[in-house]
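The values are calculated or read from the model by the stated rules, or taken from the named source; none is laboratory data. What you see is a predicted model; the values in this text were computed from it and never measured. Because the Cβ atoms are built from the backbone with ideal geometry, glycine has one as well, and the counts that use them run over all protein chains shown.
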Amino acid sequence: MVLVVGIDKLRKWHEDKTNTCLDNNAKCSCDTTWHVFRDANGKLVLAPELVATVYGSGRTQAERLYDCGFKLYSGIDKNIRDIPRALEFLNQAAEMGLAQAQTRLGTIYEMREEVDGKENDYSRAMFWYKLAAEQNYPEAQFRIGRLYRQGLGVPQDYIIAHFWLNLAAAKNLEYAAYARDDLSKIMSPAQIAEAQRLAREWKPKK
């Protein structure tokens, strides 16, 4: 069961808090929880009536949760940065299968020390990157390739690194193509041939 109050009451509450009137062209404001509720299982849910008014009907629930998580992570909404809440939004969007959210989570865990001073978690980063990469998401494929080249959280493996970078480059990700070509300079012809074979035979899971 989703707890949702009337759209007019939500609008009035928001106006009182921010002195900003919402209209059909308004954007998501994720610095507060004025449009976010929890269901009986504790999952985050966006009020359907307000979502339809504020976002429009073209975006999925996972995409909306991602938007909120990214804003809280980046601090672009009124300079408010809240990493724990951002992770909660992003994690739920990622669990819904959104590759963009899975990749963002992976990036946060890979660079956790820079984000909030905690230890980098390459294993968790790789977990989320692989879920996104298996959906043929090029940014995740590039990041996996980079981790394998550097041996961060995984054994260093130039063949596997080249394989993932090649997949990302095939989606016109220019910096992935550059990284692949740079890696090729220190690989043997046999290693490159094996990496290319893996790339030819690979198929996304979704």
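A few notes on this one:
- Identity of the residue in region 192-206, aliphatic (A, V, I, L, M) and in contact (Cβ under 8 Å) with a residue 12 or more places away in the chain, that ends up nearest to Leu167 (Cα to Cα): Ala199
- Flag if Ala161 is farther than 30 Å from Cys68 by Cβ, in contact with a Gly (Cβ under 6 Å, 6 or more places away or on another chain) and crowded, with 16+ Cβ neighbours inside 10 Å: yes
- Residue count for region 94-108, restricted to those that are over 8 Å from the mean Cα position of the chain (by Cα) and buried (at least 20 other Cβ atoms within 10 Å of the Cβ): 1
- Test: Ala132 is crowded, with 19+ Cβ neighbours inside 10 Å and either more than 15 Å from Lys205 (Cβ to Cβ) or aromatic (Phe, Trp, Tyr) (or both): no
- Against the list (1) touching a His at 6+ places or on another chain (Cβ under 6 Å); (2) at pLDDT below 95, the condition Leu173 fails is (1).
- Arg149 being crowded, with 20+ Cβ neighbours inside 10 Å and of a type in the set (Lys, Arg): yes
- Number of residues in region 108-159 that are in contact with a Lys or Arg (Cβ under 6 Å, 6 or more places away or on another chain) and part of a helix (DSSP H, G or I) equals 4.
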